[in-house]
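Just so it is clear, none of the values below were taken in a lab; they were calculated from the coordinates. What you see is a predicted model; the values in this text were computed from it and never measured. With ideal geometry, Cβ positions are generated from the backbone for all residues, glycine too; neighbour counts draw on all protein chains shown.
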Amino acid sequence: MKIENVFKISVLVLFFNLIVACNSNQDKLIKKQYFIFGTIIDVLVWHDDEHLVNQALTEVETELNGMHSQWHAWKDGRLHEINHALRAGESFELTDEEVQFIQTTQLLSKQSLGNFNPAIGELIHLWGFHTDDYPITEPPPSESEINDFLAHMPNMEEIVINNNQISSKNPRIWLDYGGVAKGYAIDKAINILKKHGIENAIVNAGGDLRSIGSKGDKNWKVAIRKPNSEDVLAVISVQGDESIFTSGNYERYKEFNGKRYAHIIDPKTGYGVEEIVSATVVTDNGTKADAAATALIVAGTKSWQKVAQSMNLDQVLMIKSDGMCVATVKIMQRLKQSDLQCETVN
Ligand code: ADP
Ligand code: MG
């Protein structure tokens, strides 16, 4: 299968009507850009008090930078300490917020029927994906290394949290939150904005975004486009608090002997996924949307509908490696300015 020939969907915020908007309206749109998580994060806020917005955004920036350094899957920081303790069979004291986050990911993993499994950090490490340098060109792990991991496959249910003490009986657990970090960060950013009384905003991390409120008397509009192209595939008018996330299986990959191995790994087989190129999900928060997009790619054409049902998702759009797409009726009904022809399901 030639995944490189197929486009990845990503999302771009469009500023429709900006040119024709009157000055007072333009004054209310505040745009800021940050570089965190190796990603450009665009924040758009519709508000008339720029000073208050700047205060809120300073807090957002500090919080997200802290999260990036503390929750890295393979560099020093809080998550590294947690993983170290779990793999040594020791317990570790978590903050209340950490308890809440880890429990949320346990639930998401369960609802995804194990397709989203952030406990497989060791496998991701084995494949060489714990690096900042792409593409990776070292050989893939041997079959026996993969089989050995599969025989001890960790899952999120093996994590026990009691009075903020986290522990596990499986020393092969290695938490890697790469599949959900962006979603969680965006949720954090939105919560900080809300705390400062900001009710109309979009936080967009390289195409994955959450919106709240509206842009004045209009809905925020978001374009789904082909990467490296200005071609707009479709436009979605975002209604209030919604998150739109896309996972793609080929942007980060290992290439060896002419074969590409995706960085999204199927915990059932131990190998990178090939069948689905991208999965786009619309739901009500970033953490869930991010985990779900990863889970749906892993589930593939055979089981994605089961996973969507179990995660209570009704807006999904998947692009297959043959370039065909399949989507739920509900997301298709929302796509405007689109000539996308997708097989639809309810
Ligand atoms: P992207 O944002 O790159 O499109 P994802 O949100 O799907 O992709 O995140 C991919 C990352 O998730 C990988 O780099 C790895 O850290 C982690 N990951 C890979 N496979 C899984 C899986 N089955 N479950 C949970 N996390 C995974
Ligand atoms: Mg994800």
Checklist outcome for this item: With no solvent term and unit scatterers on the alpha-carbon positions of region 195-346, Debye gives log₁₀ I(q)/I(0) at q = 0.14 Å⁻¹ of -0.70
Checklist entry - In a solvent-free Debye calculation with one equal scatterer on each Cα, what is log10 I(q)/I(0) for region 154-224 at q = 0.12, 0.23, 0.24 Å⁻¹, listed in the order of the q values? => result -0.53, -1.00, -1.05
Checklist entry - About the Cα centre of the chain, what is the dipole size in debye to 20, counting +1 per Lys and Arg Cβ and -1 per Asp and Glu Cβ, all else neutral? => result 880 debye
Item to check | Cα-based equivalent ellipsoid of region 168-271: semi-axis lengths in Å, sorted from largest, via gyration tensor | outcome: 32, 22, 9
Checklist entry - Between Asn312 and Asp96, what length comes free when the chain is fully extended (0.36 nm per residue of separation minus the Cα-Cα distance, one decimal in nm)? => result 75.1 nm
Checklist entry - Residue separation times 0.36 nm, minus the C-alpha to C-alpha distance between Glu158 and Tyr134: what's the value? => result 5.4 nm
Item to check | Those lysines that a straight Cα-Cα span of less than 22 Å connects to Lys32, excepting residues fewer than 8 apart in one chain | outcome: Lys182, Lys188, Lys194, Lys195, Lys215, Lys218, Lys221
Next on the checklist: Would you report the distance distribution of C-alpha pairs in the chain as whole percents per 20 angstrom bin, up to the bin with the largest distance?
Outcome noted: 30, 58, 12, 0
Next on the checklist: Quick check: pseudo-label points 7 Å beyond the Cα along Cα→Cβ at Asp76 and Ala151, how many nm apart are they?
Outcome noted: 3.6 nm
Checklist outcome for this item: Across region 251-337, qualifying lysine pairs (alpha carbons under 17 Å, at least 8 places apart or different chains) come out at 5
Checklist entry - Given the Cα-Cα distance of Arg252 and Thr301 and 0.36 nm per residue of separation, how much length would full extension add, in nm? => result 15.5 nm
Item to check | Helix-derived mean residue ellipticity, 222 nm - over the chain, DSSP H n ≥ 4, -39500 (n - 2.57), to 500 | outcome: -10500 deg cm²/dmol
Checklist entry - Bin by bin, in steps of 10 Å, what percent of the Cα pairs in region 30-149 do you find, going until the bin that has the longest distance? => result 10, 28, 33, 20, 7, 1, 0
Item to check | region 247-322: mean projected area of Cα convex hull, nm² | outcome: 5.2 nm²
Checklist entry - Please state the Cα pair-distance histogram of region 88-155 with 10 angstrom bins from zero: what percent is in each bin? => result 17, 35, 36, 12, 0
Checklist outcome for this item: Ordered by number, the trypsin sites (Lys or Arg not before Pro) in region 134-205 that occupy a DSSP loop and have at most 15 other Cβ atoms within 10 Å are Lys169
Item to check | Per-pair calculated FRET efficiency, R0 = 25 Å: Lys194 and Leu107 via Cβ, rounded to 0.05 | outcome: 0.65
